[in-house]
Amino acid sequence: MAQRERPRAHISKCLLTGKGSEPMALHKDMFDEIARYYDPIMAHVDYDRWFMVVTELSAMLEPGFRHLDAACGTGVLLKMLRRTGWRSMGIDLSHAMLRAAGKNGIAPPAAVADMRALPFAGAFDYVTCLFDSMNFLVALKDVQQALHAFYAVMAPNSLLYFDVVTERMVQDHYADDEWIEDNGRFTTTWRNHYDHKRKVIICDIRVNTGRACHLIERIYRREQLEHAATKAGFRLLHVCDAHAWRPPTKKTVRMDFLAVKGDPGPFRKQLKAICTRIRKRL
Ligand SMILES: C[S@@+](CC[C@H](N)C(=O)[O-])C[C@H]1O[C@@H](n2cnc3c(N)ncnc32)[C@H](O)[C@@H]1O
């Protein structure tokens with residue numbers, strides 16, 4: 001979660017109880033402690049960029065497409081899309097995040113669900129999973145399960161768009177670092193630790209003097225994700241630097257992945273013009 005294209009973490013190595021190189025996922029709601037502060041903490045985050053890219057890409061779909069935002073969090077993007085008339089719904093593992101989505105306005109349609117095992121078989125033409133939500137799946141087998149689950153909820157000739165943060169993001173914005181932010185209403189203390197060997201970021205976030213929320217993310221290589229997507233049945237359409245919409249480089253901090261369920265041919269024909277438009281609008 002890149003507050004990180006700017007700031008953050010104390011280290012709870014005890015949370016990493018997995019065997020070998022696969023850390024074990026936590027079963028508690030990781031976002032419980034900060035869900036109600038999430039939107040103000042992320043106030044500076046550029047959701048307009050995701051909105052722009054998500055809507056530009058939708059030009060490849062037939063009108064009336066049905067959209068799922070997997071790991072929708074507090075529904076910021078979901079609400080922006082629904083305001084423009086999209087038939088979007090969200091799912092998220094965190095009750096607390098979905099409760100927060102309903103505060104200060106109309107709650108978007110959203111359900112508590114695990115993106116590794118989704119209901120709604122064949123129901124969606126467009127699935128998004130953004131703001132490094134895939135990094136929160138802390139074992140490669142979880143990523144594989146999620147990609148299988150996305151494939152299962154998607155209709156034929158549908159589009160998947162997800163992003164991940166890279167190790168470069170960790171080097172540039174986390175490392176082993178600690179800082180405090182004060183937005184005038186509350187203070188947020190961030191303590192980060194990166195376990196280089198396991199490629200796991202542990203981020204403790206504490207609001208005022210409350211309990212710390214322990215967030216764990218894992219860094220995946222491009223090839224791992226491409227392989228997992230292909231194994232799930234997807235045809236890869238495009239992988240790029242999320243901020244440049246050009247091929248990823250050593251400086252890439254976030255990667256965007258586009259994959260198709262079905263024949264990628266018709267998508268490929270339209271993609272070049274869409275990439276040009278996205279680059280102009282970034
Ligand atoms: C950094 S937040 C991003 C939320 C939202 N996409 C946004 O842009 O604000 C990551 C989200 O992933 C959700 N998440 C983590 N693991 C999940 C899982 N297995 N299934 C569904 N959601 C999950 C968390 O609950 C959290 O809301």
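Considering only residues of the range 164-177 that are surrounded by 20 or more Cβ atoms within 10 Å (Cβ to Cβ) and not hydrophobic (A, V, I, L, M, F, W, C), which is farthest from Asp263 (Cα to Cα)? Before the answer, list the steps.
Taking the range 164-177 and keeping what is surrounded by 20 or more Cβ atoms within 10 Å (Cβ to Cβ), we get 164-166, 169-170, 174.
Add one more test, that the residue is not hydrophobic (A, V, I, L, M, F, W, C), and what stays is 166, 174.
Values: Thr166: 29, Tyr174: 39 Å.
Per the criteria, the residue is Tyr174.
For the range 102-114, which positions are over 12 Å from Ala71 (Cα atoms) and either near the ligand (Cβ under 9 Å from one of its atoms) or at pLDDT 95 or above (or both)? Please lay out each step first, then the result.
Of the residues in the range 102-114, the ones over 12 Å from Ala71 (Cα atoms) are 102-109.
The one that is over 12 Å from Ala71 (Cα atoms) and either near the ligand (Cβ under 9 Å from one of its atoms) or at pLDDT 95 or above (or both): Pro109.
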>> If Ala117 satisfies all but one of (1) at pLDDT 95 or above; (2) more than 9 Å from the ligand (Cβ to nearest atom), what's the number of the condition it fails?
In response: (2)
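It is to be established whether one or more residues within the range 97-104 are closer than 22 Å to Leu137 by Cβ and either touching a strand residue (DSSP E or B) at 6+ places or on another chain (Cβ under 8 Å) or polar (S, T, N, Q) (or both).
In the first step, residues of the range 97-104 are kept if they are closer than 22 Å to Leu137 by Cβ; the result is 97-98, 100-101.
Then drop every residue that is not either touching a strand residue (DSSP E or B) at 6+ places or on another chain (Cβ under 8 Å) or polar (S, T, N, Q) (or both), which leaves 98, 101.
So far as the range 97-104 goes, yes, one or more of its residues are closer than 22 Å to Leu137 by Cβ and either touching a strand residue (DSSP E or B) at 6+ places or on another chain (Cβ under 8 Å) or polar (S, T, N, Q) (or both).
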> Mind checking whether some residue in the range 32-40 is in contact with a helix residue (DSSP H, G or I) (Cβ under 8 Å, 6 or more places away or on another chain), within 11 Å of the ligand (Cβ to nearest atom) and in a loop (DSSP other than H, G, I, E, B)?
Replying inline: yes
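Could you tell me whether the range 123-131 includes any residue that is farther than 17 Å from Tyr38 by Cα, under 17 Å from the mean Cα position of the chain (by Cα), not in a helix (DSSP H, G or I) and not hydrophobic (A, V, I, L, M, F, W, C)?
The first filter runs over the range 123-131 and keeps only residues farther than 17 Å from Tyr38 by Cα, leaving 123-129.
Of the ones still in play, those that are also under 17 Å from the mean Cα position of the chain (by Cα) are 126-129.
The next check asks that each one be not in a helix (DSSP H, G or I); those that pass are 126-129.
Now drop any that are not not hydrophobic (A, V, I, L, M, F, W, C), which leaves 126, 128.
Looking through the range 123-131, at least one residue is farther than 17 Å from Tyr38 by Cα, under 17 Å from the mean Cα position of the chain (by Cα), not in a helix (DSSP H, G or I) and not hydrophobic (A, V, I, L, M, F, W, C).
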> Inside the range 173-192, can you point out the residues that are part of a strand (DSSP E or B) and in contact with a Lys or Arg (Cβ under 8 Å, 6 or more places away or on another chain)?
Replying inline: Glu178, Trp179, Thr188, Thr189, Trp190, Arg191, Asn192
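Which residues, taken from the range 80-106, are surrounded by 16 or more Cβ atoms within 10 Å (Cβ to Cβ) and closer than 22 Å to Leu258 by Cα?
So the first thing to find is which residues in the range 80-106 are surrounded by 16 or more Cβ atoms within 10 Å (Cβ to Cβ), and the list is 80-82, 86, 88-94, 96-98, 100-101.
Of everything in the range 80-106, those that are surrounded by 16 or more Cβ atoms within 10 Å (Cβ to Cβ) and closer than 22 Å to Leu258 by Cα turn out to be Met80, Leu81, Arg82, Trp86, Ser88, Met89, Gly90, Ile91, Asp92.
Does the range 146-161 contain at least one residue that is more than 14 Å from the ligand (Cβ to nearest atom), part of a loop (DSSP other than H, G, I, E, B) and on the phi < 0 side of the Ramachandran plot?
Taking the range 146-161 and keeping what is more than 14 Å from the ligand (Cβ to nearest atom), we get 151-152, 154-160.
Pick out the ones that are also part of a loop (DSSP other than H, G, I, E, B) and you get none.
Within the range 146-161, not a single residue is more than 14 Å from the ligand (Cβ to nearest atom), part of a loop (DSSP other than H, G, I, E, B) and on the phi < 0 side of the Ramachandran plot.
Test Ala139 against the criterion of being more than 30 Å from Lys269 (Cα to Cα) and at pLDDT below 95, and give yes or no.
Numbers: more than 30 Å from Lys269 (Cα to Cα): yes; at pLDDT below 95: no.
The answer is no for Ala139.
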>> Any residue at all in the range 48-65 that's near the ligand (Cβ under 7 Å from one of its atoms), aliphatic (A, V, I, L, M) and touching a strand residue (DSSP E or B) at 6+ places or on another chain (Cβ under 8 Å)?
In response: no
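The values are calculated or read from the model by the stated rules, or taken from the named source; none is laboratory data. Not measured: the values here are computed from a predicted model. When we count neighbours, we look across all protein chains shown, and the Cβ atoms used for this are built from the backbone with ideal geometry, even at glycine.
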